[in-house]
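A.B. asks: Let me begin by handing over the structure; questions about it come next.
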Amino acid sequence: MYILPDRAVNPALMELDKVQRRVLLLAPARADAPALRELLGRAGIATVVCRSVAEICREIPKGLGAAVIAEEAFGCQQDIDDFQNCLVAEPAWSEPPLLIVTGMGGSLARRVGWFPGIANIVFLERPLRGAVLTSALRAALLARDRQLQLAQHLRAREENEQRLLAQEVQLRRLTETLEDRVQERTRELATANARLMEEAKARAKAERALLHAQKLEAIGHLTGGIAHDFNNLLMVILSGLELIKNTGDVAKRERIWVGIEHAANRGKALTKQMLAFSRNIELHAETVDIVGLLDGMNILVTGGLRKDIVVEFYIAQDLWRGLVDPTQLEL
């Protein structure tokens, strides 16, 4: 291989990936590969020397930026077919740049027909200048960078599509099970509501029973105090009857009879109040003289308390009449 010296070498080096941007060299001649490697090394291009078509076919799937191949490396049609199959096996986005170094005066049309369907091929004729080779390689590496960027974009888009597909599948599953979950939740709420209603009924029943028990207990406390008042009323009635029996004075008998009647009415009022306190009765609203009703409660209130407790009533005498149930108001 004839390599003319470079007139000028650009010292600016690019930051290259060791695998994805390496250059594969295949030059069977003993001196060609070292010369090319030295030349490209001075240009800052990493290279890997391959000794046969089979070896470069093993290296291409590992990653490359470009390949520089001397045409004499393809010694037979089998080598061309194997290399063609290796390129076809690359991913759809990948079309590695190929630089084929040919001899002077060769049939270019014949060489182009070696790899049908492979368009990313550049033929360089000998004698080969270093500047031409490095320039062609840098252009090939830039094209390869665009392919790698496209591959990254395709992978990112594929990942996004897979993620969206997974989310769509999950959303579909959630939609399919939403109605079942709503029905199950509705049943749970109905069960909880029924349980709360039962508990509320039981609590109301217990409260009614407690209130009734408290009323009975209060009646027990009132009985002792009211019994004394009943004894006094009975004594008034019995004594009055005895006096009526033994006196002949009509006016006196009339006064005694009025006292007996008043004592009987007071006893009737006490009995009515105790009965109302001891059981549940329906409300019967009526127009009531509030002052008279409170005055009539004096005997019930004072009779159920100890002797050392004094209850005093302060009632405005001009109170309006009220539409109430008198028994409940007394309670």
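A.B. asks: Using per-residue counts of other Cβ atoms within 10 Å, averaged over each peptide, order 147-154, 166-173, 69-76 from highest down.
C.D. replies: Listed from highest to lowest mean packing, they are 69-76, 147-154, 166-173.
A.B. asks: Sorted from largest down, what three extents in whole angstroms do the Cα atoms of region 54-93 have along their principal axes?
C.D. replies: Result for region 54-93: principal-axis Cα extents of 28, 17, 15 Å.
A.B. asks: Report the label-to-label distance for Leu216 and Arg306 in nanometres (one decimal), using points 7 Å from each Cα along the Cα→Cβ vector.
C.D. replies: 2.7
A.B. asks: For region 24-148, report the translational diffusion coefficient in µm²/s to the nearest whole number, using Stokes-Einstein at 4 °C, 1.567 mPa s, and a Kirkwood Rh over Cα pairs.
C.D. replies: 88
A.B. asks: Across 5 Å bins from the origin, how do the percents of Cα pairs in region 136-239 run, short distances first?
C.D. replies: Pairs per bin, as whole percents: 2, 9, 6, 6, 5, 6, 5, 5, 5, 5, 4, 4, 4, 4, 4, 4, 3, 3, 3, 2, 2, 2, 2, 1, 1, 1, 1, 0, 0.
A.B. asks: Then there is this: Among Gly63, Ala119, Gly130, whose Cα sits farthest toward the positive end of the charge dipole of region 40-170 (+1 at Cβ of Lys/Arg, -1 at Cβ of Asp/Glu, about the Cα centre)?
C.D. replies: Gly130
A.B. asks: Provide the per-residue ³J(HN,Hα) series for region 210-216, in order, calculated from phi with Karplus coefficients 6.51, -1.76, 1.60 and θ = phi - 60°, each as a whole number of Hz, with x at glycine and proline positions.
C.D. replies: 5, 4, 5, 5, 5, 5, 4
A.B. asks: How do 86-95, 310-319, 261-270 rank on mean C-beta neighbours within 10 Å, highest first?
C.D. replies: For the peptides 86-95, 310-319, 261-270, the packing ranking is 261-270, 86-95, 310-319.
A.B. asks: How much of the calculated P(r) for region 166-215 lies past 12 Å, in percent of all Cα pairs?
C.D. replies: 74
No lab work stands behind these numbers, since they all come straight from the coordinates. Bear in mind the structure is a predicted one, so any value in this text is a computation, not a measurement. So basically every Cβ, Gly included, is an ideal-geometry build from the backbone, and we count neighbours across all protein chains shown.
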